[in-house]
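The values are calculated or read from the model by the stated rules, or taken from the named source; none is laboratory data. As the structure is a computational prediction, the values presented were derived from the model and not from experiment. Heads up, the Cβs are rebuilt from the backbone with ideal geometry, glycines too, and the neighbour counts pull from every protein chain shown.
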Amino acid sequence: MKKNWKRTLSLAVACMLSGSLYACDMGAMDSVIDSAMSDVISEIISEAENDSTLNSMLDSIQNSALDSEESSGNNQSSDVSYEESASDSSAEDSDEESASDSSAEAEDTVAELSVHFLALGNKTSGDCTLIKTGDTEILIDAGSTTGSIGTIVPYMRQYCTDGVLEYVIATHGDQDHIAGFTNSSSQGKGIFDSFECKMIIDFPRTTKSTAVYNEYVSLRNAEVAAGATHYTALECWNNENGAQRSYELADGITLNILYQKYYEVSTSTENNYSVCVLISQNDNHYLFTGDLESGGESSLVQSNDLPKCKVYKSAHHGSNTSNTNALLSVIQPEIVVIPCCCGDKFKFPHQETIDTIAKYTSLVYVPSMVNASGTYTLLNGNVVVTSKDGKTATVNCSNNNTLFKDTDWFKNNRTLPATWKN
């Protein structure tokens with residue numbers, strides 16, 4: 001009987017464990033547990049037929065089995081709750097995925113950007129570029145002569161309606177890049193006296209001591225005295241005195257000051273002191289290098305991780321001293337604007353530059369020209385590149401949208417590169 005007791009006790013424990021497992025409800029195991037419970041109880045009954053103590057134990061086990069059945073019934077309703085909970089969890093996961101998608105979309109959000117390359121109203125080539133995103137305006141250079149002030153300032157007022165330029169960048173000290181910042185007895189007040197300038201970034205080095213340069217410095221310092229912040233490009237690159245390499249202009253748009261060695265090294269060529277700027281709008285990049293020449297371009301490539309560029313402002317008005325293949329092979333520009341007056345006294349843009357640019361794109365635009373009679377006239381006019389998504393871009397010009405290669409001036413004065421014949 002001792003063996004039977006041991007066996008019976010083992011069976012009782014198994015029964016209770018089975019009941020516990022039953023109460024836990026393990027889904028597909030229900031039928032297995034039911035069968036095991038039935039077998040256990042039958043065997044205990046068989047063992048307990050002639051034993052009053054076991055009869056008592058049987059009653060207890062049967063009650064335990066009944067409790068397990070009731071617990072099972074309760075668990076069935078728990079199954080529904082679990083399924084609902086799982087459904088809720090699935091919904092939460094879906095919500096999280098949706099929120100994640102929204103977050104990804106938010107990360108891709110980019111503000112609209114427009115870049116205006118101005119025709120400057122005379123036969124002297126020069127740079128003047130207005131960049132606008134929302135209520136933020138950036139001006140890079142203001143050439144070409146003080147005679148351009150009457151062209152630049154009214155144009156600027158159409159877009160800078162609050163009279164505030166958030167960023168002003170002067171690339172170097174040559175007149176054809178800074179004259180429009182000064183004043184003129186015939187043209188009126190230039191940029192510094194016509195607009196409030198919040199931040200002015202300019203060249204760390206110069207050889208200039210001209211009257212135009214000296215007036216630029218005087219008026220720039222007056223802006224600083226009135227509350228403007230002034231940094232050199234080298235201070236920006238070194239993050240010194242509160243300056244930064246990069247400034248956020250709007251959602252997905254940054255202004256980045258690049259490095260080239262002539263910020264710190266002397267050169268006989270003023271052009272190589274040019275401040276270099278990259279505007280990035282999501283996947284679109286816009287490169288401005290002032291009048292940087294070949295030595296500076298080599299340093300620019302070596303010192304920065306330059307991306308492929310949606311827009312490249314041709315350096316030094318399309319001169320053959322700039323726009324080297326060393327630079328263009330890296331940035332592979334899609335759209336090129338040559339800020340010159342075609343056929344000026346320097347015969348810009350040079351054939352060599354056209355041949356180099358042609359390796360990468362035929363989307364070339366030029367604001368103005370000197371016609372056959374020697375008078376200034378518009379070619380494309382003001383060239384405006386606009387992007388709403390930071391991926392694509394459209395070009396609209398104030399005079400016409402004719403590609404440079406298709407203009408009469410080009411046909412009469414330049415040779416079509418082989419890559420443009422296809």
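So here's what we get for this one:
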| item | result |
| --- | --- |
| Counted residues, the range 288-304 - those being surrounded by fewer than 24 Cβ atoms within 10 Å (Cβ to Cβ) and either closer than 15 Å to Pro333 by Cα or modelled with pLDDT under 95 (or both) | 1 |
| Odd one out for Lys198 among (1) surrounded by fewer than 22 Cβ atoms within 10 Å (Cβ to Cβ); (2) touching a residue at least 60 places away in the same chain (Cβ under 8 Å); (3) within 26 Å of the chain's Cα centre (by Cα) | (2) |
| Total residues in the range 300-314, condition in contact (Cβ under 8 Å) with a residue 40 or more places away in the chain and assigned to a helix (DSSP H, G or I) | 2 |
| Extreme residue, nearest to His116 (Cα to Cα), among residues of the range 385-401 that are polar (S, T, N, Q) and surrounded by 15 or more Cβ atoms within 10 Å (Cβ to Cβ) | Thr386 |
| Residue in the range 316-343 that is surrounded by the fewest Cβ atoms within 10 Å (Cβ to Cβ), counting only those that are closer than 12 Å to Ile354 by Cα and out of contact with any Lys or Arg (no Cβ under 9 Å at 6 or more places or on another chain) | Asn320 |
| Members of the range 174-188 that are surrounded by fewer than 19 Cβ atoms within 10 Å (Cβ to Cβ) and touching a helix residue (DSSP H, G or I) at 6+ places or on another chain (Cβ under 7 Å) | Asn183, Ser184, Gly188 |
| Unique residue being in the same structural domain as Pro367 (by TED's automatic domain parsing) and within 15 Å of Val275 (Cβ to Cβ) when the list is Ile169, Ile149 | Ile169 |
| Unique residue being at pLDDT 95 or above, of a type in the set (S, T, N, Q), more than 25 Å from Ile253 (Cα to Cα) and in a strand (DSSP E or B) when the list is Thr353, Thr377 | Thr377 |
| Test: residue in the range 138-157 that is over 21 Å from His317 (Cβ atoms) and among the hydroxyl-bearing types (Ser, Thr, Tyr) | no |
| Filter pass, Ser322 being in a strand (DSSP E or B) and among the polar types (S, T, N, Q) | no |
| Among the residues listed as Thr415, Thr386, the single one being of a type outside the set (Lys, Arg), in a loop (DSSP other than H, G, I, E, B) and touching a residue at least 24 places away in the same chain (Cβ under 8 Å) | Thr415 |
